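Have a look at the structure below, then the notes.
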Amino acid sequence: MESAVHRPIRICNLCKSSESKSLFEVEGVAVLQCKACSHQFADLLESESHVQTVYDDDYFFGGGAGYDNYLRDSALLVERGERYANLVSKHLKPGAMVEIGAAAGFGLKAFADLGWDVTGIDPNPSMVQFAREQLGMNLHVDSLETWVPNKPVNLVVLVQVLPHLFQPREAIAKIASWLAPGGCLLVETWRRDSLTTRMTGRGWHEYNPPSVLHWFTLQELKSLGDTAGLKMVSYGRPKKYISGLHLKSILHHQATRFPLSRILKSCISMIPTKLNFRYPAEDLVWAMYQKPFTTSTSED
């Protein structure tokens, strides 16, 4: 690994320190580390058009770091939603639920089937149109930064969304304000304090800006909840399955970073596209946060 360059660059969103160092570059974007709290984040300036640009139709159908064809993975995505709906049932009865980054609504459908009053938002108009017309889901073209619910919600779901936000601390605080007392936030994301990350170093598949902007440890995820008044009540390693088609797309994209990429791509081409594979690494985590039922007060 190249030696780190020590220089103040940008404000850390987690602790608000203005001192950071550059660790290395990926696709021309520096991966920074906060000198105060060690959080890692991408050296990119916030842009209003970022979400619409990164998560346009090419992300869902263009391969590379995204999907070769997102809609073909519908069965796997519904099954993932069912697993999370069953997980949430251990903490909450069905009520009002919002999914941020709901895409085509497959996960949302799983919650709806179990009795939840579901709403979803996503910045991609094509995905929202599919969810409305094909699945009958209540989805809106919008983003977390601008959308506001019309009533308190019992559950907010962020599956593979948090690391893509420029300001995750502010996002969690905003979500906390939406939650009814006792309401929960479910997050799925990648963790950099994993054996997989340590073994792969800068070649870790989640070092992938400009799509991915933040890389969290489990402790950082807990701290994000704490700052918003949410307690992390449970966490674990989710079961993740990936289609051969999606796997080939991701590996083909990653192979360009390594020597002998042509040989690697030849091997990748032999992966059967119609098979589903269990994701083997332990760098993926889900976390459940809960808002207190009452706010404690003290008297002088």
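The values are calculated or read from the model by the stated rules, or taken from the named source; none is laboratory data. Note that the structure is predicted; figures quoted are calculated from it, not measured. All Cβ positions, even for glycine, are placed from backbone atoms using ideal geometry, and neighbour counts span all protein chains on display. Remember, those area values only see protein heavy atoms, side chains included, never the ligands or the DNA or RNA. Shrake-Rupley method; radii C 1.70, N 1.55, O 1.52, S 1.80 Å.
Here are a few things to note about the model shown:
- Hits among aspartates and glutamates - C-alpha to C-alpha of LYS231 under 20 Å, sequence gap 8 or more where chains match: GLU99, GLU170, GLU188, GLU220
- Burial order of peptide ranges 86-96, 152-162 (average beta-carbon count within 10 Å, highest first): 152-162, 86-96
- Potential lengthening of the chain between GLU27 and LEU44 amounts to 4.9 nm, from the contour at 0.36 nm per residue minus the alpha-carbon distance.
- Two-decimal Rg to Rh for segment 172-245 - Kirkwood Rh, Cα set: 1.02
- Hydrodynamic radius of segment 119-172 by the Kirkwood approach over all distinct alpha-carbon pairs: 12.3 Å.
- When each of LYS93/LYS291; LYS151/LYS291; LYS21/LYS174; LYS174/LYS240 is checked by Cα-Cα distance, pairs over 18 Å: LYS21/LYS174; LYS174/LYS240
- Over the Cα atoms of segment 158-205, the radius of gyration divided by the Kirkwood radius equals 1.11; this is the Rg/Rh ratio.
- Based on the Kirkwood approach, the hydrodynamic radius assigned to segment 58-214 is 16.4 Å, with every pair of different Cα atoms included.
- Near LEU230, no amide H atom lies under 5 Å from its own; only residues 5 or more places off or on other chains count, and H is placed 1.01 Å from N.
- Surface share of carbon and sulfur [accessible, 1.4 angstrom probe, percent] for segment 71-220: 52
- Whole-Å semi-axes of segment 1-129's equivalent ellipsoid (Cα gyration tensor): 35, 20, 14
- 5 angstrom amide H check on GLY63, placed H, neighbours 5+ away: ASP68
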